[in-house]
1. To the nearest 0.05, how large is the calculated FRET efficiency for residue A:91 and residue A:134 if R₀ is 25 Å and r is the Cβ-Cβ distance?
2. Who wins for biggest fluctuation among A:142, A:52, A:160 in a Gaussian network model of chain A, springs between alpha carbons below 10 Å?
3. Over what distance in Å are the Cα centres of the stretch C:47-72 and the stretch C:309-338 separated?
4. Let me know the mean shielding of C:153-162 by other chains, meaning the per-residue number of their Cβ atoms within 10 Å of its Cβ.
5. Measure off, as a whole percent, the carbon and sulfur share of the 1.4 Å-probe accessible area of the protein assembly as shown, all protein chains present.
6. Count the net charge of all other residues whose Cβ sits under 12 Å from the Cβ of residue A:111, scoring Lys and Arg as +1 and Asp and Glu as -1.
7. Give me the percent of Cα-Cα pairs in the stretch A:105-159 that sit more than 17 Å apart, rounded to a whole number.
8. For the stretch C:239-295, state the average projected area of the convex hull of the C-alpha atoms over all orientations, rounded to one decimal in nm².
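The values are calculated or read from the model by the stated rules, or taken from the named source; none is laboratory data. Here the structure is a predicted model, which means the values were calculated and not measured. As a convention, Cβ positions derive from the backbone with ideal geometry for all residues, glycine included, and neighbour counts pool all protein chains shown. These area figures cover heavy atoms from the full protein model, side chains too; ligands, DNA and RNA do not enter into them. Shrake-Rupley method; radii C 1.70, N 1.55, O 1.52, S 1.80 Å.
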Amino acid sequence: MQAEASALDGGFAQPVFDAQATFRAIMDAMARPATVMQVDPRAVPPAPLQSLAGAIACTLIDPDTPVWLDSVLGDNEALRAWLAFHANARFVEAPAGAAFALVADPSAMPPLGRFAQGSQEYPDRSATLILQIESFEGGAPLTFHGPGIKGTASMAPLGLPSDFAGQWDENVSRFPRGIDLILIAGDAIACLPRSARLVEGEN
Amino acid sequence: MSILARCETRRLQGLWAKLGLDPAYKLLRGPECGLVMLRGRTGGTGEAFNIGEATVTRASVKLDDGSVGHAMALGRDHLKARLSAIVDALCQNVETASLINAEIIAPISRELDGADEKRLMQTAATRVDFFTMVRGEDDAS
Amino acid sequence: MYVSVKGGEAAIDNAHRLLADRRRGDRSVPALTLDQIAEQLVLGVDRVMSEGSLYDRRLAALAIKQARGDLIEAIFLVRAYRTTLPRFGFAEPVDTGAMLVERRISACYKDLPGGQLLGPTFDYTHRLLDEALDGDPEVEPGETREGATEPVSRIADILGGEGLIEEEISGNDEPDDINQTPLEFPLSRAMRLQSLARGDEGFLLALGYSTQRGYARSHPFAGEIRIGEVEVEVFMPELGFAVPVGRVQLTECQMVNQFKGSAKVPPQFTRGYGLVFGQSERKAMAMALCDRALRAGELGEDIVAPAQDQEFVISHCDNVQATGFVEHLKLPHHVDFQAELGLVRTMRTQFEQAESAMENKEAAE
């Protein structure tokens, strides 16, 4: 039971308030695409899942939202147990079957098009990907425009797939279908809903 | 866990108090109330379908010695879930397990079985004993 | 002209206060306790649990008290409460074969293993009001009988051996949930059963009755009705196995219907199934009749009656939805009505003009 115990520590101390605060942070970040915000992470998951990613998992995931883990996270039994215990997560093997994906190594992740895209009738039946990146600085600069962005917003996330700009353009072209992204680096979060378009020519 | 889930909170509290155990513990999760979807099968044996939900309360605790206990029971009783989880954690230890079995589980189990037995006997009293009065063919002859 | 207005806040507050006052009624009469409702109005509690789609006796009792005994209002309260709780997961399908039976009857076989167990039934009462209940008369406990309990087998097990009745083989264990999946007709049987299980008892009863009166050509037998408690088990990932979390009382009905067979299937009996929370055999029977009628399509029968029409039955069986739409007519429709009023006036003017034109024409002739 000792090994199990370590996997069971570190959930929300105050589930209602912690989930509300984290939800508010995600909502704000989603409403202001490509804007990096600081969030107080309120969960302590086993490594290599970051604290903020753990808190987001506890906030958004439930038994009705199947979860896909990349191999770095999926091979970690303690982490799976933690997510099952604190987020009531149910795991799926195929990316297309997931409502949420947790990715520790975005550079090696499947193409965005392989996740659930939703349908024309139900665009909400699509996946939200939670990506742990290295930093919001030092990567290839990306500039976005669209709803929720006054003018343009720029960031330079480090650790995304090398062909990310092309993949994102494809994702945007599928609108209203498409996936949404939550990027995390340390205690910082930035979101890219499918409505955030890359500014042409600058990337 | 079946016994703890079905017992009355007050009865559990009473037996627990008599035992005089008071281990230090930390809550890992809960006690929290939520829903589980209950399922049946078509025709009793066929494909599964959802009947409707039920309230459940669950709790998980870790004692200072590291042992972990879980509990889940129908209803919205936080105290029962917490106490059941502590009892479950204590059962990880062989010595306390036998004590708990003897002092808590066994008596509650006996009471629950007794109640079941009484209900079965009451139902049995409403069983129809058919007896033949007059046979149709006898009439005709 | 329509002028937008605001107001009524004080009136609403006072109406709610008056509602609370009337609910409590005469203060010299002791207030109802939830224990009294849960113990002595059990079947009302069962109906609220079943149609509220939430098994929790105390919550249902509270809802009945708060709703002043209006069961549909109580069901609405329970449905609303239910949305505030997180869902932890799904229970394993219950095994009604292992039910701790309190009542079991079959209209198909006189002698069947386990026997005919009448249990606490209204059947065979004379429906005469008992004025003694105006007080609190001493009530004897139920009679007991020893050595008469034996395993209670299912009707299908008796008929199944000869292939006389369709088999129900376990399959899909991940049924869609009507709470999560938008309704797209035709629905799977699992989704229909879930809708029927929380459907309005009166509506299903009337539809079931209609199938008996010829609107769906069904000639059912109550193969078996059983009431009792079953164990609920929930898989806990942290333990890696399913644990029992307590028992719930259910009513199960197996209706047996003749089926003339098809090119592929020999004649045999088919089944309609009902399973509801608590003790409610009227609801379980009505549900089983409706379930069988709704299977018309898959059994290759003509769809000629309302009870066989999925969209009609499922879209209208939920009394919370139904009451919402019917009762919304009470809400202010001032703008709509002004528009209609204008329209009717215009039409009347046109009518009068046409009429006087006709008269003038006749006069001229």
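1. The formula returns an efficiency of 0.50 here.
2. Sorting by GNM fluctuation, first place goes to A:142.
3. With the stretch C:47-72 and the stretch C:309-338 each reduced to a Cα centre, they are spaced 22 Å.
4. 1
5. Values: 19520 of 36510 Å².
Roughly 53 percent, rounded to a whole number.
6. Result for the local shell: -1.
7. Numbers: 868 of 1485 pairs.
It works out to 58 percent of all Cα pairs.
8. Across all orientations, the stretch C:239-295 yields a mean hull projection of 6.4 nm².
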